[in-house]
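Quick notes on the structure that follows.
The values are calculated or read from the model by the stated rules, or taken from the named source; none is laboratory data. Every value quoted in this text rests on a predicted model; they were computed, and no experiment measured them. Here Cβ is always computed from backbone atoms with ideal geometry, including for glycine, and neighbour counts include all displayed protein chains. Keep in mind that these areas ignore ligands, DNA and RNA; they rest on the heavy atoms of the full protein, side chains included. Shrake-Rupley method; radii C 1.70, N 1.55, O 1.52, S 1.80 Å.
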Amino acid sequence: NAGLLELSLGKFRNVLLNQTNPVEAVIRNIGSNVTVIIFQVHAQQSDVVISFDKNPSANSSGTGVDKGLVSILRPQQSICTWYLRSLDASQVLSTAISIPYMEKDPIPGGCNLEFDLEVDPNIYLDYTLVDIHIKFAPANLGYTRGANPPSCDSGTGQNSRWRLRYDVYQYYLPENDLSEMVLMSHIRKMSEVQSIRANGIKILTLTTDDKTNVYFSSLPGQGVIYNVIVWDPLWNTSAAYVPVHTYACSFADLVDNCSSLSKLSTKVFFTTFAVLGLFTCFFGHRFWKTDLFFMGFIFAGFFFFAFITRATGLGYDVRLILTAVAGIIGGLFLVASWWRFGSVLLCMFIIGLVLGFLFSSTVFFTPLGDYRVFRDDVVFWVTFSSVALMIPVLFVGCPRILNILASGVVGSYAVILAIACYVYTSLAYITLNLLRRVLNDYFSRAYTNVPFQTNDFIILSVWIMLALSGVTVQLRRERSEVPFPPHPYLTWKRERERRSTNVLDPSHHIPPLRERIQNKLLHIKEFFQKEPPAGERTPLLL
């Protein structure tokens, strides 16, 4: 026998569902001014079935973690009934609510032509590691009980559904919290119109001319809730669709699930990278060759990873190893270029470019990056490159200041990337969103808004503190030193010429390298020879 769940309009009820015993949800004493009721149920990770009948069919039921049904009330109707059950054999915690609407309120999904339900108030969501896609059916105008619904295709004037507007809202769950009860408590804030407007972040507004689908940047491990409010500007009335949530990851996977997203190879790579970055942050200018290696590693590694990802189908771990090798080669090449040619301007251009890329990525990490004009790839990359090139151009007259700033800021950000491998932080997406845009042709359509919560403020403070400390220490230590070390190749060449011409210089009489090596080997050989026995070493003279 079905269990009974008595509901009140606008009130949430938590309910345990199972596969064998469906729950009958009932609302009684519905007022005559109510024309539509949207009944919805939410679970964290297990699919539930919601239907009008005990035996659900495709056009009278919905299955998923966030599902709802629209009940169009008949004249004199005062009772509504729905049936709930889970698809899992074990019990599933869910929360249910029924929301009433009046005759002038628009009806979410009332002009559905794509999905199974005749009136479908649901938001359909799918995700990848790169983006999240939501889509929903267009709404229809409200009408009184017993009347025929307005035609969805009768015209495009102000007396048709074409006057409706759709506001898309986003709400982030607390960071690093995957518990069921947290989801249940927060999804209530995104179910009704007033609470959605009070708590959600409005991302954009769609008109009826726009496609009813939106893309967002994916944040694996971070819970997020989406909902849409349809607004009728003529009557100034609104209605909300059924909210939908995602963590952009799987709870069921044994490896790389929502609780352990970072691979071991990623942790090893960025932890090692952070150690080098922390050293560069405080000692980069003093240890000039190490600084050059660090910047060359970043420059070569970034572009090589982007190239092999787009050009090959290699696995992630293989690509990461090859990127590390390419980064080491790039770093050594920049050091060798400095040793041979001694061009400070060339090295500082690379270093300034790395700092410029980080600065430009930070600019587009702000809400500025979601402006519609930057959906165009040409506009985005021209603007991004211009901002990035601005850094080396501005500091062309003071290369030492540029190098100290770059080593302090970039080196400290390497520490932030390592922290992101162990604790979620939105600051990692400063550079990750840039990499996604490079690797994916359609990432430009995604909104890249991210949460900024207590955890992010703490890690941002750590970044600022490290960067300021590193820059200050280097400026104080290097103020009385020469701006850059002398050209190593020319210095070596001058020393060689001086030794070959100045006979009074003791170094002039230093034996050749081959003879010095032979002498060293002879000393080592003598060290391992046994001592001769004590006594006479020459025969006695008679």
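Every residue in the range 230-279 that is closer than 27 Å to Gly327 by Cα, polar (S, T, N, Q) and outside any loop (DSSP other than H, G, I, E, B), please.
Selection gives Ser265, Thr266, Thr271, Thr272.
For Tyr226, state whether it is surrounded by 18 or more Cβ atoms within 10 Å (Cβ to Cβ) and modelled with pLDDT of 95 or more.
When the stated conditions are applied, Tyr226 passes them.
Just name the residue that is surrounded by the most Cβ atoms within 10 Å (Cβ to Cβ) out of those in the range 379-431 that are outside any helix (DSSP H, G or I) and of a type in the set (Ser, Thr, Tyr).
Thr425
Got a number for residues in the range 288-315 being closer than 19 Å to Lys263 by Cα and out of contact with any helix residue (DSSP H, G or I) (no Cβ under 8 Å at 6 or more places or on another chain)?
Total satisfying the criteria: 2.
Could you check the range 64-157 for strands (runs of 3 or more DSSP E) lying wholly inside it with 2 or more residues that are in contact (Cβ under 8 Å) with a residue 12 or more places away in the chain, open to solvent by less than 40 Å² (accessible area, probe 1.4 Å) and on the phi < 0 side of the Ramachandran plot?
66-72, 80-86, 92-101, 131-136
How many residues does the range 446-465 contain that are in contact with a Pro (Cβ under 8 Å, 6 or more places away or on another chain) and part of a helix (DSSP H, G or I)? I'd like the intermediate steps shown before the answer.
Filtering the range 446-465 down to residues in contact with a Pro (Cβ under 8 Å, 6 or more places away or on another chain) leaves 449, 453.
After this cut, where a residue has to be part of a helix (DSSP H, G or I) as well, the list is none.
The qualifying residues number 0.
Please pick out the residue among Asn29, Asn18, Asn33 that is out of contact with any Asp or Glu (no Cβ under 7 Å at 6 or more places or on another chain), surrounded by fewer than 18 Cβ atoms within 10 Å (Cβ to Cβ) and farther than 26 Å from Gly142 by Cβ.
Result of the check over Asn29, Asn18, Asn33: Asn18.
Of the numbered conditions (1) within 37 Å of the chain's Cα centre (by Cα); (2) closer than 23 Å to Ser185 by Cβ; (3) open to solvent by 10 Å² or more (accessible area, probe 1.4 Å), Glu6 satisfies every one except a single condition; which is it?
Just one mismatch for Glu6, condition (1).
Can you find, within the range 39-63, the residue that is nearest to Met190 (Cα to Cα) among those that are under 32 Å from the mean Cα position of the chain (by Cα) and open to solvent by 50 Å² or more (accessible area, probe 1.4 Å)?
Ranking the candidates gives Gln45 first.
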